[in-house]
1. Relative to a virtual label point 7 Å from the Cα of V221 in the Cα→beta-carbon direction, which members of region 12-28 show backbone nitrogen distances below 13 Å?
2. Output wanted: per-residue J couplings in Hz (rounded whole) for region 223-232, from phi through Karplus 6.51 cos²θ - 1.76 cosθ + 1.60, θ = phi - 60°, x for Gly and Pro.
3. Order these by the 10 Å Cβ neighbour count, fewest first: R52, R154.
4. Normalized C-alpha radius of gyration of region 143-202, against 2.2 N^0.38 Å?
5. Could you give the spread of the C-alpha atoms of region 1-134 along their three principal axes, from largest to smallest, in whole angstroms?
6. Do any of K20/K76; K72/K97; K76/K97; K55/K76; K24/K140 go past 22 Å between their Cα atoms, and which?
7. How large are Rg and Dmax for the chain when calculated on the C-alpha trace, in angstrom?
8. Using only alpha carbon positions, build the gyration tensor of region 81-165, then give the equivalent ellipsoid semi-axes as the square roots of 5 times its eigenvalues, largest first, whole angstrom.
Amino acid sequence: MYEQFATVYDEMMEEIPYDKWFVKFQEILYEHGITGGHMCELGCGTGEMVRRFAKAGYEVTGIDISPDMLAKASEKTEGMEKISYFEEDMTDFSLHKPADVVLCICDSMNYLLSTEGLTAMFRCIKEALAENGIAILDMKTAYCFQKVLGNQTRVDETEEALMIWDNTYDEETRINEYLLTIFTEDKATGMYARYDECHEQRAYSGDEIKACLKETSLRLVKSWTEDEIRTYFVIER
């Protein structure tokens, strides 16, 4: 997963509102009296949020299951202090010290395809959080998969690559399958190489999220949905 995609991820995901998220999350942290400390990002990808929080003075731990994504993140944040990366599964991770903030955004949680996986992740988050720490999470909604992505084909092109997303959404399982076809150009020869990857994400209801949180004794502080496509959650111990 995220092998060849990691090489073109930032180019293809230019619309992701990292700056907007950073400002919003900082506001939430201030509301909870958090102005610094240790932040852990699950599914940190190429390190965009890691970089922003490190610049703001946080000690940051980035966790991702993809070594290719972590390689890009390490390259991007080379020379920055107080950043550590670990290749771990977010359903089975542990930290060297408690986290004041756990972040899991950009629909990383949708990659967990069962409530058992969600519950396992929440248990790890509970163990990772400091006494007064909070977690900020997000998910794509069922509406997003049904009406925006599902059974649609999307084509993205940059100077370096062409990517075709072929989406298929299963209403019964609520799993969206992305078949990615990536073409990258070798500048020396002008030839293109083709790579194929398959990704799956699942939609969850609010009741399912609440049930998983209840099972792990985490408390949902608040949640909100933007543009019907993404729901955010603030959670505390």
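1. Taking a point 7 Å out along Cα→Cβ of V221, the residues of region 12-28 whose backbone N falls under 13 Å are 25-28.
2. Each residue of region 223-232 in turn: 8, 7, 10, 10, 6, 6, 10, 9, 10, 10 Hz.
3. Taking fewest neighbouring Cβ atoms as first place, the list is R154, R52.
4. So the Cα radius of gyration is 1.34 times the expected 2.2 N^0.38 Å.
5. So the three principal-axis extents are 39, 35, 26 Å.
6. From the list (K20/K76; K72/K97; K76/K97; K55/K76; K24/K140), the Cα-Cα distance tops 22 Å for K72/K97; K76/K97.
7. Spelled out, the Cα radius of gyration and Dmax of the chain are 17.9, 57 Å.
8. Gyration-tensor ellipsoid for region 81-165: 30, 18, 11 Å.
Readers should treat all values here as calculations from the given coordinates under stated rules, not as data from a laboratory. Quantities reported herein were computed from a predicted structural model and do not represent experimental measurements. As a convention, Cβ positions derive from the backbone with ideal geometry for all residues, glycine included, and neighbour counts pool all protein chains shown.
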